[in-house]
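K.L.:
Below you will find the structure I want to go over with you.
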Amino acid sequence: MDLTIHASFLPHDDPEASLAFYRDTLGFEVRNDVGSGTMRWITVGPAGQPDTSIVLHPPAADPGVTDAERRTITEMMAKGTYGIIILATKDLDATFERLQSGDAEVVQEPTEQPYGVRDCAFRDPAGNLIRVNELR
C-alpha cells in the first residue's frame, strides 16, 4: 500500500483566533475557509506541503452528538485534553522562540525526552495540545 496522511482534524471554538494562530504564528497557508460564524471549517497547512493539511472545525457539529457529549467535548477542550497534533522542525529552539513571542500558551520548553525525542509543547487558542519534535 502507498498511504499518506492527507488531513487531520482539530477543533476550534473561536475561528478567528484559530485562523490567526495557524496562519500568523505558525505561518501555515490557508487552503480553504467555509461556513460562517462559529460554524467554519478552515483548512491550513505548511507551505511547500500542499498534500498535508489540518482542518480546524467546530467541535460536536455532527447532529449525532448528544448534548452530554457536547458538554464533555467542551470540558475536554477547556482542559486541553481533546485535540493533539505533533509537528516537526529542524530548528526546535528557533521555532520555540517564534511560538513564545507569538503568545502561544507554553506547556513545556524544549526538553530532551527519555524516549529519545527532543521536543516542546504548547496549546493553540482552542486548547489543543501541539507538540513540536526536533528532526535529527
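The values are calculated or read from the model by the stated rules, or taken from the named source; none is laboratory data. Quantities reported herein were computed from a predicted structural model and do not represent experimental measurements. Heads up, the Cβs are rebuilt from the backbone with ideal geometry, glycines too, and the neighbour counts pull from every protein chain shown. The protein model used for the area step is the full one, side chains on, heavy atoms only, and it has no ligands, DNA or RNA in it. Shrake-Rupley method; radii C 1.70, N 1.55, O 1.52, S 1.80 Å.
K.L.:
For the condition among the hydroxyl-bearing types (Ser, Thr, Tyr), farther than 21 Å from residue 106 by Cβ and in contact with a Leu (Cβ under 8 Å, 6 or more places away or on another chain), what is the one hit in 43, 66, 52?
P.N.:
On the way: 66 fails: in contact with a Leu (Cβ under 8 Å, 6 or more places away or on another chain); 52 fails: in contact with a Leu (Cβ under 8 Å, 6 or more places away or on another chain).
Just a single option satisfies the conditions, and that option is 43.
K.L.:
I'm trying to understand the selection: among the residues of region 106-131, which are under 16 Å from residue 76 (Cβ atoms) and either outside any loop (DSSP other than H, G, I, E, B) or in contact with a Cys (Cβ under 8 Å, 6 or more places away or on another chain) (or both)?
P.N.:
Our first condition is that a residue be under 16 Å from residue 76 (Cβ atoms); within region 106-131, this holds for 107, 123-130.
Answer for region 106-131, where residues must be under 16 Å from residue 76 (Cβ atoms) and either outside any loop (DSSP other than H, G, I, E, B) or in contact with a Cys (Cβ under 8 Å, 6 or more places away or on another chain) (or both): 107, 123, 129, 130.
K.L.:
Between a first residue in region 2-14 that is in contact (Cβ under 8 Å) with a residue 60 or more places away in the chain and a second residue that is among the hydroxyl-bearing types (Ser, Thr, Tyr), which pairs have beta carbons less than 7 Å apart while being 6 or more apart in sequence or on different chains?
P.N.:
11/82; 12/18
Listed here are the residues, each with its yes/no results for (1) under 27 Å from residue 2 (Cα atoms); (2) open to solvent by 50 Å² or more (accessible area, probe 1.4 Å); (3) of a type in the set (Asp, Glu); (4) touching a helix residue (DSSP H, G or I) at 6+ places or on another chain (Cβ under 9 Å).
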site	(1), (2), (3), (4)
33	no, yes, yes, yes
57	no, no, no, no
72	no, yes, no, no
90	yes, yes, no, no
128	no, no, no, yes
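K.L.:
Scanning region 76-88 for residues that are in a strand (DSSP E or B) and open to solvent by 70 Å² or more (accessible area, probe 1.4 Å), which turns out farthest from residue 133 (Cα to Cα)?
P.N.:
Result: 84.
K.L.:
Which of the residues that make up region 92-107 are touching a Lys or Arg at 6+ places or on another chain (Cβ under 9 Å) and open to solvent by 50 Å² or more (accessible area, probe 1.4 Å)? Can you show your working first?
P.N.:
Of the residues in region 92-107, the ones touching a Lys or Arg at 6+ places or on another chain (Cβ under 9 Å) are 92, 104-107.
Within region 92-107, 105, 106, 107 qualify.
K.L.:
If you take the residues in region 20-41 that are among the hydrophobic types (A, V, I, L, M, F, W, C) and in a helix (DSSP H, G or I), which one is farthest from residue 123 (Cα to Cα)? Break it down stepwise before answering.
P.N.:
Pass one, region 20-41, residues among the hydrophobic types (A, V, I, L, M, F, W, C): 20-21, 26, 28, 30, 34, 39, 41.
Those still in the list that are in a helix (DSSP H, G or I) too: 20-21.
Values: 20: 14, 21: 10 Å.
Of everything passing the filter in region 20-41, 20 is farthest from residue 123 (Cα to Cα).
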